[in-house]
Amino acid sequence: MPIGVFSSQVLQESIQDKRPRKKSLTNDIEKHCHIEIAAQVSQISSRQNAIILLIDGNHELYHLEGLMEGPAMDGDGECFPSILLNATSLNTEAYYNKAVNYTLMVTFMSFLQVLLLIRQMEHSNTQSGAAKVSILMIGQQAIMDAYLCLLNLTAGILVESLFNAFATAAFFKFVVFSIFEMRYLLAIWKASRPLQNGESWEIMRRELSVLYSRFYGILLGGILLLYHLHNFLRPVIFIMYSFWIPQIVTNVIRDTRKPLHPYYIIGMSVTRLAIPFYIFGCPSNFLRIEVDNYWCICLGVFLGLQSLILLLQHYFGSRWFIPRQMLPEKYCYYRKFESYASQATDCVICMTTIDFTENSNRYMVTPCDHCFHSVCLQRWMDIKMECPTCRRALPPA
Ligand SMILES: [Zn+2]
Ligand SMILES: [Zn+2]
């Protein structure tokens, strides 16, 4: 084991070599203090070598461990308490490359998220389509993206030489949350809010500003909360990644049909897992956070389960996992249309006659006793949940 004992002179030289700007400070130290360092420098790689101090550009890793002592009461009093040294050399070039790769990954994932959001917005571009989407689900994702944007921007400011790379990643995250998710949030809010007649634009604008201030209030409050909870980062991320749950609950309560596009569900789950998997699961990540595979698997399973439930709701109906007995009585559109069975009735949507002698699945009867073709009414209900003839509200199909 190579053991080195250095006097203050040695320390001063090595510091001056690396950071000439701090010369005045070390000179001050030299005036009053006599510092002793007892440190052990060991090479991390397997090759055996003599003591080599931390040299920039050297591609092998070194570890330094030891104690720095300034003897007490040297004229003006104590200069230094004892300081434990524990340092690992860093290959800055490889480190920077890693960080750049990370920002490229974030940029690419954000780009994919933009495409997925466009796909989803097309999927629910009607009023009743947007009303089916949970505003909490989009809001939670928007807040997560806002935090990622801020974190990347902060990283860019801290590591000046990587500002461009981090700023690009932050900019893409900014586009995702401020343009797409906020716009979608607005569309959902507008769709879920019943329009009242004779309502002035003034009231609407006031409610809108309440919505915005609530979003930014939660954002700012969250930053303060996260600052205090930084020791519990992993549980906090776990809570943040429950963003599909509001949609699952909304689906069950309102019994909505296909609110989300399957691509959006799968794509968002995968792209959102990329960053935590990189940070907590990649052994050579640039943040040098300890790998925690168990936590990564838990997070993946947690999000995977949520998206699986959503996908099953998409294909088998929103309440597939709730036993039929527990469900409230549901209106059946395929009931017998008795009263006027003898008369020929027109479907007001497509203006052709409905043939009652056919299979009863071919026509639907509303609670207000109006009859339509099943295909016509289902297409109509995707846009509006009111009867085409008398405009009374329709129960979910
Ligand atoms: Zn029809
Ligand atoms: Zn009607």
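Which ranges mark the helices (runs of 4 or more DSSP H) fully within the range 165-271 that have 2 or more residues being modelled with pLDDT of 85 or more, surrounded by 14 or more Cβ atoms within 10 Å (Cβ to Cβ) and aromatic (Phe, Trp, Tyr)? Even if it seems obvious, please write down each step before you answer.
Working: elements: 182-192, 201-228, 233-240, 245-254.
So the answer is 182-192.
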Worksheet item: Within the range 365-397, how many residues turn out to be touching a residue at least 12 places away in the same chain (Cβ under 8 Å) and of a type in the set (Asp, Glu)?
Response: 2
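Would you mind stating whether LEU287 is outside any loop (DSSP other than H, G, I, E, B) and not hydroxyl-bearing (Ser, Thr, Tyr)? Don't jump to the end; show me each part of the working.
Working: outside any loop (DSSP other than H, G, I, E, B): no; not hydroxyl-bearing (Ser, Thr, Tyr): yes.
Judged against the criteria, LEU287 is not a match.
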Worksheet entry | Output for the range 351-397, where each listed residue is surrounded by fewer than 14 Cβ atoms within 10 Å (Cβ to Cβ), within 13 Å of ligand 1 (Cβ to nearest atom) and assigned to a loop (DSSP other than H, G, I, E, B) | MET351, THR352, ASP355, GLU358
Worksheet item: Looking at (1) out of contact with any Cys (no Cβ under 9 Å at 6 or more places or on another chain); (2) outside any helix (DSSP H, G or I); (3) more than 16 Å from ligand 2 (Cβ to nearest atom); (4) more than 19 Å from ASP255 (Cα to Cα), can you tell me which one GLU329 breaks?
Response: (4)
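Do the conditions hold for LEU299, that is, is it among the hydrophobic types (A, V, I, L, M, F, W, C), within 21 Å of LEU116 (Cα to Cα) and surrounded by 18 or more Cβ atoms within 10 Å (Cβ to Cβ)?
no
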Worksheet item: Can you find a residue in the range 336-346 that is among the β-branched types (Val, Ile, Thr) and more than 23 Å from ARG234 (Cβ to Cβ)?
Response: yes
Fill in: Condition broken by SER318, with the remaining ones in (1) out of contact with any Asp or Glu (no Cβ under 6 Å at 6 or more places or on another chain); (2) among the hydroxyl-bearing types (Ser, Thr, Tyr); (3) under 30 Å from ARG254 (Cβ atoms); (4) surrounded by 18 or more Cβ atoms within 10 Å (Cβ to Cβ) satisfied
(1)
Worksheet item: Of the residues ILE203, ILE218, which single one is among the β-branched types (Val, Ile, Thr) and closer than 27 Å to GLN247 by Cβ?
Response: ILE218
Worksheet item: Within the bounds of the range 374-395, is there any residue that is among the hydroxyl-bearing types (Ser, Thr, Tyr) and either on the phi > 0 side of the Ramachandran plot or not assigned by TED's automatic domain parsing to the domain that holds LEU233 (or both)?
Response: yes
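Could you tell me which of the residues CYS296, CYS376 is away from ligand 2 (no atom under 16 Å from the Cβ), hydrophobic (A, V, I, L, M, F, W, C) and at pLDDT 80 or above?
Working: CYS376 fails: away from ligand 2 (no atom under 16 Å from the Cβ).
Testing whether each residue is away from ligand 2 (no atom under 16 Å from the Cβ), hydrophobic (A, V, I, L, M, F, W, C) and at pLDDT 80 or above leaves just CYS296.
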Discussion item. Looking at ILE248, ILE266, ILE275, can you tell me which residue is farther than 16 Å from LEU310 by Cβ and in the same structural domain as MET105 (by TED's automatic domain parsing)?
Written reply: ILE275
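The values are calculated or read from the model by the stated rules, or taken from the named source; none is laboratory data. Quick caveat: nothing in here was measured; it's all calculated off a predicted structure. Every residue, glycine as well, gets a Cβ built from its backbone with ideal geometry; the counts of neighbours run over all protein chains shown.
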